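Participant: Please see the structure below; I have some questions.
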Amino acid sequence: MEQTVTPISEVGEFGLIERMKDALGESQDEDLLAGPGDDAAVYRAGKGRAHVATTDALIDGVHFSPDMMPLTYLGSKAVSINVSDVAAMNAVPRYALVTLGLPDNAYVETVEELYAGVRQAAEAYGLTVVGGDTTAAHRLTISVTIIGEAEERDVVYRGGAEPGDRLCVTGDLGGAYAGLKVLMEQREALEQKGSDYAPDLDPHRYVIQRQLAPTARLKTVQDWAERGVRPNALIDISDGLASEVHHICEQSDCGALVYEEMLPFNEETRQVAERNDDEPEHYAFYGGEDYELLFALPEAELDRLEAGGLTVIGECREAGDGVRRTTPSGEQRKLEAKGFEHFGA
Ligand SMILES: [Mg+2]
């Protein structure tokens with residue numbers, strides 16, 4: 001009998017995760033507070049304490065291009081994107097495991113450079129690298145696993161938003177995608193004009209840094225703890241704002257209205273978008289890799305946060321209202337969920 005196979009692109013990344021959950025079956029572990037489906041898994045670890053665990057890999061040709069990504073930045077980014085998921089549970093990172101897949105053209109110095117970046121990030125976030133694995137591979141791969149900690153009652157999931165909550169983001173959006181565009185433009189110019197061409201990266205320092213060296217918003221989470229603020233729902237923006245708003249709405253069983261004119265942009269992001277005849281809003285909704293936090297907060301709690309670090313970009317609605325966005329002309333449209341998709345769906 002012929003075996004039927006399903007291309008992964010047919011089910012997409014999230015469909016694939018559903019299949020994996022089916023294959024594992026339901027967990028009977030009473031200490032497990034959240035399995036797959038949030039930014040990190042959460043389990044009880046002693047009285048009132050919880051651990052969060054998350055892992056993410058960066059692979060040559062999929063997540064980065066070695067000619068555009070210095071190795072120290074790569075090591076640092078691999079840590080930051082995982083810390084971002086820990087922060088997205090309102091937790092603090094403690095320990096990391098680092099796995100490297102090394103192709104034939106990797107040297108001792110390759111690993112040392114990568115690890116200089118790993119160390120920089122570990123020190124910046126106050127976590128300790130305690131082990132990992134090293135293996136031969138066809139392509140350079142760095143995979144980081146982080147264990148973080150929180151009081152069990154402080155952990156914030158994607159699923160706690162209530163109609164009426166304000167939807168807020170930290171920092172600015174779309175910059176990482178603008179940075180990627182600049183790097184790709186400059187690479188193309190270099191290929192066309194030859195080695196005499198000096199890439200002009202200076203006017204785009206901010207967006208390039210957003211792409212190559214993102215910072216996880218751990219300080220924001222630490223600031224909330226000091227102020228006694230706990231959002232109702234929280235997620236980090238790794239796949240693009242649109243997809244993350246949908247995740248919060250699905251898991252909170254609510255709708256949302258995003259005010260497009262309120263989305264925060266850096267001036268460089270606007271310039272790159274304009275030059276490419278793009279809308280910066282498109283970068284924010286679908287570009288991904290900004291590693292800012294998106295959270296739902298009751299309006300009364302807003303006053304307890306400093307206005308500088310966050311922007312209110314929308315509100316949570318009843319589930320029946322769906323997930324919508326207001327355009328600058330004042331109409332409302334459906335906010336499509338498509339985010340970054342690795343499997344070409
Ligand atoms: Mg995440």
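The values are calculated or read from the model by the stated rules, or taken from the named source; none is laboratory data. As the structure is a prediction and not an experimental result, all values here were calculated from the model. Backbone-built Cβ (ideal geometry, glycine too); neighbour counts: all protein chains shown.
Participant: Outside the structural domain of D253 (by TED's automatic domain parsing), within 20 Å of the chain's Cα centre (by Cα), surrounded by 15 or more Cβ atoms within 10 Å (Cβ to Cβ) and modelled with pLDDT of 95 or more: is that true of A137 in this structure?
Facilitator: On the way: outside the structural domain of D253 (by TED's automatic domain parsing): yes; within 20 Å of the chain's Cα centre (by Cα): no; surrounded by 15 or more Cβ atoms within 10 Å (Cβ to Cβ): yes; modelled with pLDDT of 95 or more: yes.
Considered against the rule, which asks whether it is outside the structural domain of D253 (by TED's automatic domain parsing), within 20 Å of the chain's Cα centre (by Cα), surrounded by 15 or more Cβ atoms within 10 Å (Cβ to Cβ) and modelled with pLDDT of 95 or more, A137 comes out as no.
Participant: Can you name the residue in the range 233-269 that is assigned to a helix (DSSP H, G or I) and surrounded by fewer than 18 Cβ atoms within 10 Å (Cβ to Cβ) and is also nearest to the ligand (Cβ to nearest atom) among such residues? Before the answer, list the steps.
Facilitator: Step one: of the range 233-269, the residues assigned to a helix (DSSP H, G or I) are 241-252, 260-262, 267-269.
Filter once more, so that each one left must be surrounded by fewer than 18 Cβ atoms within 10 Å (Cβ to Cβ): 250-251, 261-262, 267.
Details: E250: 14, Q251: 12, E261: 26, M262: 22, E267: 27 Å.
Here the answer is Q251.
Participant: Residues that are more than 16 Å from S243 (Cβ to Cβ), at least 3 per element: which strands (runs of 3 or more DSSP E) completely within the range 285-329 meet that?
Facilitator: Values: elements: 293-297, 310-317, 323-326.
The strands (runs of 3 or more DSSP E) meeting that bar are 310-317.
Participant: Could you please let me know if P203 is crowded, with 22+ Cβ neighbours inside 10 Å, outside any strand (DSSP E or B) and in contact (Cβ under 8 Å) with a residue 60 or more places away in the chain? Walk me through it before giving the result.
Facilitator: Numbers: crowded, with 22+ Cβ neighbours inside 10 Å: no; outside any strand (DSSP E or B): yes; in contact (Cβ under 8 Å) with a residue 60 or more places away in the chain: yes.
It is false that P203 is crowded, with 22+ Cβ neighbours inside 10 Å, outside any strand (DSSP E or B) and in contact (Cβ under 8 Å) with a residue 60 or more places away in the chain.
Participant: Still on this model: Mind listing just one residue for me: the one in the range 25-46 that is buried (at least 16 other Cβ atoms within 10 Å of the Cβ) and either polar (S, T, N, Q) or within 16 Å of the ligand (Cβ to nearest atom) (or both) and, of those, farthest from N82 (Cα to Cα)?
Facilitator: Going through the range 25-46, the residues buried (at least 16 other Cβ atoms within 10 Å of the Cβ) turn out to be 33-34, 37-43.
Okay, now just the ones that are also either polar (S, T, N, Q) or within 16 Å of the ligand (Cβ to nearest atom) (or both), so 34, 37-42.
Details: A34: 17, G37: 15, D38: 13, D39: 9, A40: 9, A41: 12, V42: 14 Å.
So, considering only residues that are buried (at least 16 other Cβ atoms within 10 Å of the Cβ) and either polar (S, T, N, Q) or within 16 Å of the ligand (Cβ to nearest atom) (or both), the one farthest from N82 (Cα to Cα) is A34.
Participant: May I pose another question? Before we move on, is V111 buried (at least 24 other Cβ atoms within 10 Å of the Cβ), among the aliphatic types (A, V, I, L, M) and in a helix (DSSP H, G or I)?
Facilitator: Details: buried (at least 24 other Cβ atoms within 10 Å of the Cβ): no; among the aliphatic types (A, V, I, L, M): yes; in a helix (DSSP H, G or I): yes.
No.
Participant: Evaluate the range 76-96: report whether one residue or more is in a helix (DSSP H, G or I) and more than 16 Å from the ligand (Cβ to nearest atom). Can you show your working first?
Facilitator: First pass over the range 76-96, keeping only residues in a helix (DSSP H, G or I): 76-87.
If we keep only those that are more than 16 Å from the ligand (Cβ to nearest atom) as well, we get 76.
Within the range 76-96, one or more residues are in a helix (DSSP H, G or I) and more than 16 Å from the ligand (Cβ to nearest atom).
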